[in-house]
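The structure appears below as structure tokens.
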Amino acid sequence: MWLLGVLDRATEDEISAWVRAGGPGVVDPPGMLDLRIFTPARRIRQQVD
């Protein structure tokens with residue numbers, strides 16, 4: 001799961017709550033967090049793998 005723009009306290013709290021509840025694939029993202037989900041370019045994904 002790739003998230004964009006998560007360096008503020010409110011978003012950090014949403015991510016923490018989401019992970020505690022089960023996280024990606026188990027529980028839908030809370031609040032506005034679903035708007036921060038993105039898929040990076042294939043080139044970037046290959047660099048990370």
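Assorted remarks:
- Scanning segment 28-49 for residues that are among the β-branched types (Val, Ile, Thr) and surrounded by 12 or more Cβ atoms within 10 Å (Cβ to Cβ) yields one hit, Ile37.
- Residues (touching an Asp or Glu at 6+ places or on another chain (Cβ under 6 Å) and in a helix (DSSP H, G or I)) located in segment 1-44: Leu33
- When Gly5, Gly25 are checked against the criterion of being in contact with a helix residue (DSSP H, G or I) (Cβ under 7 Å, 6 or more places away or on another chain) and loosely packed, with under 10 Cβ neighbours inside 10 Å, Gly5 stands alone in meeting it.
Any read-out appearing in this document is the output of simple, stated calculations on the displayed coordinates, not a laboratory observation. What you see is a predicted model; the values in this text were computed from it and never measured. Glycine also receives a Cβ, built like all others from the backbone with ideal geometry; neighbour counts cover every protein chain displayed.
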